[in-house]
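*Asks:* Structure in structure tokens, see below.
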Amino acid sequence: HALMGGKERYIEITANPALTGFTAGKILWVRKHEPEIYAKARHILLAKDYIRYKLCNVFATEVSDASGMGLLDVPNRCWSQEVLEKLDIDPAMLAKVYESPEVTGTITAEAAALTGLKEGTIVVGGAGDNAAAAVGTGVVEDGRAFATIGTSGVVFAHTDKLSIDPQGRVHTFCCAVPGAWHVMGVTLAAGQSLKWYRDNFCDADKVEADKQGVDPYDLMTAEAAKTPIGSNRLIYLPYLMGERTPHLDPDCRGAFVGLSGMHTRYDLVRAVMEGVTFSLRDCAEILRGMGVQSDVILACGGGGSSAFWRQMMADILGCPVATTISKEGPALGVAILAGVGAGLYPSVPEACRKIVGVNASQAPVAEHVAEYDKFYEIYRGLYPALKDSWHKLAEL
């Protein structure tokens, strides 16, 4: 940020703060710590773009993945000369930028011999993981969003008009639909919170699940469903790994607030599920504040496969939640992009309308929404109340 003349200017151009996971920071790290390797470098490619190079012998990338490099002018969908100059990175090292369904090259004779793919087969831009998941779930038009409860949590919404959070709490990327963007909030310990709880405190459930031949999670959530909303006045903060959205704080940590002698293991299971879903709502609230509204949310990831968790999402996010018929998600998404590139479909949204089927949605239940709102208000106040204590702990 100092190099760029301030965080505000950097976010205006790249639509994101300078995060350690983004490529720009990694390039500067290699240049500083492994100068002999940097001196030999001629091209900088993302993982999938290296595979493209081996298949087609071209140096190319596309806008959705390039948006996560910290070097792209996201509003204008091209490399930022200003950022490259300030960071002293040679533009010749970066690949040509395409839109996701554009043809970037064709399979070479050598790649054909090695893979069995037909020589001359087109290879399109493709997409980063979340952008590909958006296409595979049909989140390619305004009003569409998906929420993933995997290891981390993601709330991801499509927008036809550019919207950037000046505080950098959520990411704005070019999406796989030419001329459109997506806005994404990321929480770091979603499904991971429940896995941590299961692995450390639920041995009895694992044994019982083995006996019954079922998944321990199914057993745990069936018991948790018997606990009332608010987990008998117990709130879980899912900051096991620090947090990205909305706090951008690596020092905050998980907590159970309100523990009493009456609480059972399953009250804690439910509290974990509720806390993770509250963290998704934190993301959704920022998107709403940016004018990115959703009419329906598609649930993805392991958590999304639980009807109980989906109903909780609908009630806490105040929006119908559905699942797609196909479970392929990102793989289906890039296949659709290839279909558009090959001319089988006129556009990404039209291809998705034909290919992506959605199951019936679960609507929010009004009395549940009102009940969850009370606990969410308390949840929101806990991060500011505990922040200083976490920072002191981190210093010990």
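All of the numbers you see were taken from the coordinates with simple rules; none came from a lab. Every value quoted in this text rests on a predicted model; they were computed, and no experiment measured them. Reconstructed Cβ throughout: ideal geometry from the backbone, glycine too, with neighbour counts over all protein chains shown.
*Asks:* Going down the list LYS327/LYS354; LYS54/LYS327; LYS48/LYS86, which pairs span over 22 Å between their C-alpha atoms?
*Replies:* Too far apart for the 22 Å limit: LYS54/LYS327; LYS48/LYS86.
*Asks:* Within the chain, which whole H helices from DSSP have a Cα span along their axis of at least 27 Å and a mean Kyte-Doolittle hydropathy of 0.0 or more, if any?
*Replies:* Helices meeting the criterion: 265-289.
*Asks:* So what's the Cα pair-distance distribution over the range 102-167, bin width 5 Å, in %?
*Replies:* 4, 14, 16, 16, 14, 11, 9, 11, 4, 1
*Asks:* Run lengths n ≥ 4 of DSSP H only: what is the helix-derived mean residue ellipticity at 222 nm for the chain, with -39500 (n - 2.57) per run over all residues, to the nearest 500?
*Replies:* Only helices count here, giving -13500 deg cm²/dmol.
*Asks:* Still on this structure: Could you line up THR323, THR151 from fewest to most neighbouring Cβ atoms inside 10 Å?
*Replies:* Arranged by neighbour count, lowest to highest, THR323, THR151 become THR151, THR323.
*Asks:* Check cross-link reach from LYS206 to the lysines: straight Cα distance under 24 Å, and skip same-chain residues fewer than eight apart.
*Replies:* LYS195, LYS226
*Asks:* Working from the alpha-carbon coordinates of the range 1-126, get Rg over Rh, Rh being the Kirkwood radius.
*Replies:* So for the range 1-126, dividing Rg by the Kirkwood Rh gives 1.02.
*Asks:* Continuing with the same structure: Would you work out the charge dipole size for the chain about its Cα centre, treating the Cβ of every Lys and Arg as +1 and the Cβ of every Asp and Glu as -1, and quote it to the nearest 20 debye?
*Replies:* Around 280 debye, computed over the chain.
*Asks:* Among THR61, THR23, GLY120, whose Cα lies farthest out toward the positive end of the dipole of the range 1-126, if unit charges sit on the beta carbon of Lys, Arg (+1) and Asp, Glu (-1)?
*Replies:* In the range 1-126, that residue is THR23.
*Asks:* Please work out whether the range 186-230 counts as rounded, prolate or oblate from its C-alpha gyration tensor, where a ≥ b ≥ c are the square roots of the eigenvalues and a/c under 1.5 means rounded, while otherwise a/b larger than b/c means prolate and anything else oblate?
*Replies:* Oblate, since a/c reaches 1.5 and b/c is not below a/b.
*Asks:* Based on the mean of other Cβ atoms within 10 Å per residue, sort peptides 127-140, 88-101 so the most packed one is first.
*Replies:* Per-residue mean Cβ counts within 10 Å order the peptides as 127-140, 88-101.
*Asks:* With an 8 Å cut-off on Cα pairs and a minimum separation of 6 or more residues, tell me the relative contact order of the chain in percent.
*Replies:* It comes to 16 percent, rounded to a whole number.
*Asks:* Go ahead and run the numbers for FRET between SER260 and LYS374, Cβ-Cβ distance against an R0 of 25 Å, rounding to 0.05.
*Replies:* 0.90
*Asks:* Please report, for the Cα atoms of the chain, the Rg to one decimal and the Dmax as a whole number; what are they, in angstrom?
*Replies:* Every Cα atom of the chain included, Rg and Dmax give 22.5, 70 Å.
*Asks:* Compute the Cα gyration tensor for the range 139-225, then decide on rounded, prolate or oblate, letting a ≥ b ≥ c be the square roots of its eigenvalues: rounded whenever a/c is under 1.5, prolate when a/b is larger than b/c in the other cases, and oblate in all that remain.
*Replies:* prolate
*Asks:* What order do you get for 213-224, 165-176, 293-304, 243-254 when each peptide is scored by the mean count of other beta carbon atoms within 10 Å, highest first?
*Replies:* Final packing ranking: 165-176, 293-304, 243-254, 213-224.
*Asks:* Can you compute the charge dipole magnitude of the range 97-197 about its Cα centre, using +1 on each Lys and Arg Cβ and -1 on each Asp and Glu Cβ, nothing else charged? Give it in debye, rounded to the nearest 20.
*Replies:* The calculated dipole for the range 97-197 is roughly 380 debye.
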